[in-house]
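Participant: Mind having a look at this structure? Questions to follow.
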Amino acid sequence: MRVALKECSWQTVGEDLVVVFDPRESITLADPEGKVEALLSVLHESPRSTPGLRTALAARGVTVTDEELESGLAGLAGLGLVECEQGRFTGDPAVDERHFSNLAFFGTFSDLDRHRTEFLSRVRDAHVLVLGVGGGGSSLVQCLAGLGAGRLTLLDHDRVETRNFARQFLYRHEDVGRSKVERAAAWVRAYDPDIEVRTVDRWVAGPEDLTDLTDGVDLMVGGLDGHPDAGLWVNEAAVRAGVPLVVGGATRTLLSYMSVDPGMSACLACEFSQRPEEGTGAAAAEDLVHGMRTTNPLIGPVAMQIGSLIALEGLRYLTGFQQPLAAGARIRLDLREGMAGSRIPFNKDPDCPVCALAPVRVPAA
């Protein structure tokens, strides 16, 4: 294996070495003999095997033992500064060019054991069911296409209307009156012909209307409107199928999203069961919100935020570059406070009838 140094900078300050990889923070390493600086320098010249590193260091007059070199590389890996050279690119120039930025992003989380290309492969092999291609869903489709999701199933029953143009940028005036899923699929195929797209023009009236769509799906994302219980229907279908679910939406001034890891995290039914005591003002307010019908106030900038945040949480499930942040919790962003965020977890209900439907998970070997 040849070790590669990630894109970082460093400077010696006295007996310390200050290193910056993520501009948000700096790393200070004790380096009185300059061995760490020498190791970074030779890796900066080119990726090298362990014997190659020892030879290059010796040429600089730096002698290290096998134990010191192994410890140094492990330390750099632990700080996220090195990775395996063979895992940086796929070897296909067209794929590497198409996914240049995606690979660079995954490089933030790669190391000697987790490769950029492995993250990318998981996305390109994934089948994602997108629930709704309207407000947040249209920008979600664009994000998933940009990530290179290998297969998309798009579900919606609406037709394109001119009122959609304030927040749904997949569509054009010539699309008015036509099926949203068909036009969204056409956009994806024109954007990236390598993405396989299936369309389902269907009105969902219960969880059973989603059962035939979950087979072979790795992730369900988005959200359905039209009925106050639509979110609970989607939740039940996802949990029953054992498919991770990420949903989100917005009120007038509050954006929120959450995710469900079936059999592991609380689900939407768990959250709904933890309602205030009946007869209280808080319970009345929840009932009013649950059944509320309002003119859609969602504008483009907010819709794009929803779509991108759902896509990013979905990417966590597909690749494992991070643990899901919204599993069993609502992430809320307050528009009145400049998108200030908060995370509000809710407990898993041990008696939840929906969670009881989740398939038993077999621990990974």
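Participant: Taking Pro297, is it buried (at least 17 other Cβ atoms within 10 Å of the Cβ), part of a loop (DSSP other than H, G, I, E, B) and either in contact (Cβ under 8 Å) with a residue 40 or more places away in the chain or touching a Ser or Thr at 6+ places or on another chain (Cβ under 7 Å) (or both)?
Facilitator: no
Participant: Among the listed residues Gly61, Gly80, Gly91, Gly52, identify the single one that is part of a loop (DSSP other than H, G, I, E, B), small (Gly, Ala, Ser) and over 30 Å from Gly146 (Cβ atoms).
Facilitator: Testing whether each residue is part of a loop (DSSP other than H, G, I, E, B), small (Gly, Ala, Ser) and over 30 Å from Gly146 (Cβ atoms) leaves just Gly61.
Participant: Would you be able to say whether some residue in the range 223-230 is in a loop (DSSP other than H, G, I, E, B) and at pLDDT 95 or above?
Facilitator: Checked against the condition, which is being in a loop (DSSP other than H, G, I, E, B) and at pLDDT 95 or above, the range 223-230 yields no hits at all.
Participant: Is one or more of the residues making up the range 118-133 over 20 Å from Met220 (Cα atoms) and outside the structural domain of Leu315 (by TED's automatic domain parsing)?
Facilitator: For the range 118-133, residues over 20 Å from Met220 (Cα atoms) and outside the structural domain of Leu315 (by TED's automatic domain parsing): present.
Participant: With Val20, Val42, Val64, Val36 as the choices, which residue is of a type outside the set (Gly, Ala, Ser) and under 22 Å from Phe106 (Cβ atoms)?
Facilitator: Every option except Val20 fails the conditions.
Participant: Considering (1) surrounded by fewer than 23 Cβ atoms within 10 Å (Cβ to Cβ); (2) in a helix (DSSP H, G or I), say which one Asp111 fails and leave the rest.
Facilitator: Answer for Asp111: the failing condition is (2).
Participant: Which count do you get for residues in the range 326-360 that are closer than 17 Å to Ser308 by Cβ, among the basic types (Lys, Arg) and without any contact (Cβ under 8 Å) to a residue 60 or more places away in the chain?
Facilitator: So the count comes out to 0.
Participant: Out of the residues in the range 165-180 that are in a loop (DSSP other than H, G, I, E, B) and among the basic types (Lys, Arg), state the one that is farthest from the chain's Cα centre (by Cα).
Facilitator: This residue is Arg178.
Participant: Across the range 223-235, what is the number of residues that are closer than 11 Å to Ala269 by Cβ and surrounded by fewer than 24 Cβ atoms within 10 Å (Cβ to Cβ)?
Facilitator: Within the range 223-235, residues that are closer than 11 Å to Ala269 by Cβ and surrounded by fewer than 24 Cβ atoms within 10 Å (Cβ to Cβ) number 4.
Participant: Please list, ordered by first then second residue, the pairs with beta carbon atoms under 8 Å, 6 or more apart or interchain, first in the range 1-20 and of a type in the set (S, T, N, Q), second assigned to a strand (DSSP E or B) and at pLDDT 95 or above.
Facilitator: Ser9/Val19; Ser9/Val20; Gln11/Leu17; Gln11/Val18; Thr12/Val18
To keep it simple, each residue is scored yes or no on (1) part of a loop (DSSP other than H, G, I, E, B); (2) under 19 Å from Arg124 (Cα atoms).
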| site | (1), (2) |
| --- | --- |
| Gly314 | no, yes |
| Leu318 | no, yes |
| Gln323 | yes, no |
| Ile331 | no, no |
| Arg343 | no, no |
| Asn347 | yes, no |
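Participant: Which residue out of Thr211, Thr153, Thr162 is surrounded by 15 or more Cβ atoms within 10 Å (Cβ to Cβ) and either under 24 Å from the mean Cα position of the chain (by Cα) or of a type outside the set (Asp, Glu) (or both)?
Facilitator: Answer to the selection: Thr153.
Participant: Moving to a separate point now. Of (1) modelled with pLDDT of 95 or more; (2) touching an Asp or Glu at 6+ places or on another chain (Cβ under 9 Å), Thr50 satisfies all except one. Which?
Facilitator: Only one criterion is unmet by Thr50, namely (1).
Participant: Being at positive phi, part of a loop (DSSP other than H, G, I, E, B) and surrounded by fewer than 12 Cβ atoms within 10 Å (Cβ to Cβ), is that true of even one residue in the range 19-28?
Facilitator: No, because not a single residue in the range 19-28 is at positive phi, part of a loop (DSSP other than H, G, I, E, B) and surrounded by fewer than 12 Cβ atoms within 10 Å (Cβ to Cβ).
Participant: From the set of residues in the range 246-288 that are of a type in the set (D, E, K, R) and part of a loop (DSSP other than H, G, I, E, B), which is modelled with the lowest pLDDT?
Facilitator: Top of the filtered list is Glu277.
Participant: When you check Leu131 against the structure, is it buried (at least 18 other Cβ atoms within 10 Å of the Cβ), within 24 Å of Ala38 (Cβ to Cβ) and touching a residue at least 24 places away in the same chain (Cβ under 8 Å), yes or no?
Facilitator: When the stated conditions are applied, Leu131 does not pass them.
Participant: Shifting gears a bit: Among the residues in the range 185-195, are any part of a helix (DSSP H, G or I) and within 26 Å of Met258 (Cα to Cα)?
Facilitator: So far as the range 185-195 goes, yes, one or more of its residues are part of a helix (DSSP H, G or I) and within 26 Å of Met258 (Cα to Cα).
Participant: Search the range 2-18 for residues being loosely packed, with under 12 Cβ neighbours inside 10 Å and in a loop (DSSP other than H, G, I, E, B), and hand back the single one that is nearest to the chain's Cα centre (by Cα).
Facilitator: Glu7
The values are calculated or read from the model by the stated rules, or taken from the named source; none is laboratory data. All of these numbers come straight from a predicted model, not from anything done at the bench. We place every Cβ from the backbone using ideal geometry, glycine too, and count neighbours over all the protein chains shown.
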